[in-house]
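Asker: I have a structure here, written as structure tokens, and I will follow up with some questions on it.
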Amino acid sequence: MNIRPVLDPRVAVALDAGRPVVALESTILTHGMPHPDNLRMARDVEAIVREEGAVPATVAVLDGAIRVGLDDADLERLSRVEDARKLSRADLAFAVAERLTGGTTVAATMIVARLAGIDVFATGGIGGVHAGAESSFDESADLAELGRTDVVVVCAGAKAILDLPKTLERLESLGVPVVGYGTDALPAFWSRDSGLAAPLRLDSPEAIARFERTRRAIDAGVGGVLVANPVPAAAEIPAAEMAVTIGRAQADAAAAGVRGKDVTPFLLQRILELTDGRSLATNIALVEHNARLAARIAAALAG
Ligand code: PSU
Ligand code: MN
């Protein structure tokens, strides 16, 4: 027996017709932002994808069903579920077998997007190698997924709470192309410039579509591409300013003994508190910006 994802009718029709579809993750909703900002963000992001002529497909697991494309009632419910799970690759089948409800991470959303036949996916920032990974071994499953699953992932770079040089090294080892969009610098989520160079650079959705078609023409099973789209200048918090806040949040996480999948949500929440909500406004702005670019890439790939 095959367990197929349940496609929203609008998503199914668009995929059948070869029209652009953009997958969206849901851990950002269940674990990345507080209610009701998370719901507003999810609605705005879907509206932006539609405005660009593509169909949004938010991915989540609801009562054990792998869903691709949620309606407003689903989004509303998911935005307030208290005990929603954070579902990465290791958790997906478990959530289905145990009929659980949860948000899918970048890794799990990539898996589901590929199963559904969706080529482009927008998120905020991917997970990566955590600071102190040389002793904790904490590396997000997002990296290995990028190495094996064929999806174009649009993000604002890796979160500056991570060890960015190590994250770039791992992506290179895994064979993942990292493309700065319109920039030579690797963006760092809240900031436009991490101080590190982006390994590759492309300047238009059409160029990204051409690159993606070329990758597939050379080899199936090429893995993901990471498109790093800098946060709009008006919403950015400069890296030097973020560094102090991030350092405090990391120290608090260590003192509280936070581990495993709780690390990322803890740090995001703590940074939100320490910046009085400014980091949240930046986070929402960059996700919306990524959704728009992802829709344009999906259109270029479909055209
Ligand atoms: N980006 C955000 N907020 C988030 C995340 C990303 O702005 O909450 C989530 C993503 O779902 C990503 C996950 O896949 O954090 C990484 O968690 P971990 O480091 O435990 O793999
Ligand atoms: Mn981890």
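Asker: What are the ³J(HN,Hα) values, in whole Hz, obtained from phi via the Karplus relation 6.51 cos²θ - 1.76 cosθ + 1.60 with θ = phi - 60°, for each residue of segment 190-206 in sequence order, with x given for Gly and Pro?
Answerer: 5, 10, 7, 9, 7, x, 9, 7, 6, x, 10, 9, 9, 10, 8, x, 5
Asker: Using the Cβ atoms and a cut-off under 10 Å, what net charge is assigned to the surroundings of A113, where Lys and Arg are +1 and Asp and Glu are -1?
Answerer: Values: positive: R114; negative: E25, D119, D150.
Residues near A113 contribute -2 overall.
Asker: Sticking with this one: Quick check: residue separation of A281 and V81 times 0.36 nm, minus the Cα distance between them. What number comes out in nm? All intermediate terms of the calculation are to be shown ahead of the outcome.
Answerer: Values: separation 200, 0.36 × 200 = 72.00 nm, distance 2.21 nm.
Full extension from A281 to V81 adds 69.8 nm.
Asker: Calculate the length of the line joining the C-alpha centroid of segment 231-250 to that of segment 35-74, in whole Å.
Answerer: 27 Å
Asker: Compute the signed sum of charges (Lys and Arg +1, Asp and Glu -1) over the other residues within less than 11 Å, Cβ to Cβ, of G69.
Answerer: On the way: positive: R10, R67; negative: D8, E46, D71, D74.
With Lys, Arg at +1 and Asp, Glu at -1, the neighbours total -2.
Asker: Here's a follow-up. Cα atoms only, segment 6-302: Rg and Dmax in Å?
Answerer: So, for segment 6-302, Rg and Dmax equal 17.5, 53 Å respectively.
Asker: Still on this structure, please answer the following. Out of every Cα pair in segment 136-229, what percent are spaced more than 18 Å from each other?
Answerer: Numbers: 1793 of 4371 pairs.
So the portion of pairs separated by more than 18 Å is 41 percent.
Asker: Continuing with the same structure: Please give me the summed charge of the neighbours of L301: other residues whose Cβ is under 9 Å from its Cβ, Lys and Arg +1, Asp and Glu -1. Could you put the intermediate results ahead of the total?
Answerer: Numbers: positive: R213; negative: D119, E212.
Around L301, the charge tally is -1.
Asker: Would you rank D16, D63, D37 by solvent-accessible area, highest first, keeping every protein chain in place and using a 1.4 Å probe?
Answerer: Values: D16 140, D63 85, D37 40 Å².
Sorted descending by solvent-accessible area, the residues read D16, D63, D37.
Asker: How do L272, L267 rank by accessible surface area computed with a 1.4 Å probe, from largest to smallest? Show your work: numbers first, answer last.
Answerer: Working: L272 30, L267 5 Å².
Of L272, L267, the descending order of accessible area is L272, L267.
Asker: Right, here's the next one. Summarise the accessible area of the chain (1.4 Å probe, protein heavy atoms) by the percent that is carbon and sulfur. Let's see the in-between values first.
Answerer: Values: 6680 of 12690 Å².
Carbon plus sulfur share of accessible area: 53 percent.
Asker: Modelling each spin label as a point 7 Å along the Cα-to-Cβ direction, I'd like the S136/A240 distance in nm, to one decimal.
Answerer: My value for the distance between the label points is 2.7 nm.
Asker: Starting from the Cα of K86, draw a straight line to each of the lysines and keep only those under 21 Å, dropping any in the same chain fewer than 8 residues away.
Answerer: Result set, ordered by chain and number: K159, K261.
Asker: If you take every DSSP beta bridge fully contained in the chain, what fraction is antiparallel? Give it as a percent rounded to 5.
Answerer: On the way: 11 of 37 bridges.
The antiparallel proportion sits near 30 percent.
Asker: Still on this model: Counting only heavy atoms of the protein chains, get the accessible area per residue of the chain (1.4 Å probe) and round it to a whole Å² value. Please report the intermediate quantities before stating the final value.
Answerer: Values: 12690 Å² over 303 residues.
On a per-residue basis, the chain sits at 42 Å².
The values are calculated or read from the model by the stated rules, or taken from the named source; none is laboratory data. None of the values given here were measured: they were computed from a predicted structure. Here Cβ is always computed from backbone atoms with ideal geometry, including for glycine, and neighbour counts include all displayed protein chains. Surface accessibility is based on the protein's heavy atoms, side chains included, excluding ligands, DNA and RNA. Shrake-Rupley method; radii C 1.70, N 1.55, O 1.52, S 1.80 Å.
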